[in-house]
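**Student:** Okay, here's the structure, questions in a sec.
Bear in mind that the values in this text are calculations on the coordinates, not laboratory data. Just so you know, these numbers come straight off a predicted model, no measurement behind them. Counting neighbours? That spans all protein chains shown, and the Cβs are built from the backbone with ideal geometry, glycine included.
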Amino acid sequence: MVMLIFLCIRQYLLKIAPCQLHYKTKLCSIILYNKRKEVSGGFRLREYMIYLIEEEVAKHYSGNELKLFQLFQQYEQEEPLRSIIKRQVDYVTLPVPTFPLQQSLEQALKNKEGYKRVAYQHKIEKEDSTAKLSIFEKYLKLSSKGSFEAEAIFFEIIRKQAPYFLAIDASSNRYGWLQPIKQRKFV
């Protein structure tokens, strides 16, 4: 079962509450939630691929993110069709705004204890969690271990850059928008 949680701004990193996929609010941002699992003396590594989706595609597939998830899952797994699927992925994604994202990360994290940056890799090491963000031209890769504090910091900064970032954890079949997409209401 896909469990999504909302990290409320006023409860930033203090309280995490599970909620339904269709629930939308202005005060909260979607964060993917993985239950912590013990694996040989430590927590399982969580790995997210984060793509910036074209606005029209994001609005069209809002509420039906499973289709986008399946596309990216096929892209990662199927070799024979990779060139065809790559064209589809290139069509639905936008390049990551690297320079503004780097500036935002640097500005928000420069005084944080445990923060390190080497070129296009940013790392936060906390007492009970670690997260590393790697920036590529067409996607971001976030690897984290331990509690969700360090990865939540990265998610919060990324979601402020553009409204249509889709995060995917293919190994756990989890996916979601970093910022909920507002639905148009027709009368």
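**Student:** Place the peptides 162-168, 51-57, 79-85 in order of packing, highest mean first, counting for every residue the other Cβ atoms within 10 Å and averaging per peptide.
**Tutor:** In decreasing order of mean packing, 162-168, 51-57, 79-85 become 162-168, 51-57, 79-85.
**Student:** On a 25 Å Cα-Cα criterion, which of the cross-link pairs Lys112/Lys141; Lys126/Lys160; Lys59/Lys145; Lys67/Lys123 come out too long?
**Tutor:** Violating the 25 Å limit, Cα to Cα: Lys59/Lys145; Lys67/Lys123.
**Student:** Enumerate the aspartates and glutamates that Lys110 could reach by cross-link, defined here as Cα to Cα under 15 Å, with residues fewer than 8 away along the same chain left out.
**Tutor:** Candidates past the 8-residue exclusion: Glu125.
**Student:** Another question, then. Could you calculate the contour length gain from Ser134 to Ala170, that is, 0.36 nm times the residue separation minus the distance between their Cα atoms, to one decimal place in nm?
**Tutor:** Net length gain for the segment: 11.3 nm.
**Student:** While we're on this one: Looking at the range 66-131, which GluC sites (Glu not before Pro) are in a loop (DSSP not H, G, I, E or B) and have at most 12 other Cβ atoms within 10 Å?
**Tutor:** Glu78, Glu113, Glu127
**Student:** Follow-up question, since we're still on this one. What is the magnitude of the charge dipole of the range 41-92 about its Cα centre, with +1 placed on the Cβ of each Lys and Arg, -1 on the Cβ of each Asp and Glu, and no other charges, expressed in debye to the nearest 20?
**Tutor:** The dipole of the range 41-92 has a size of about 140 debye.
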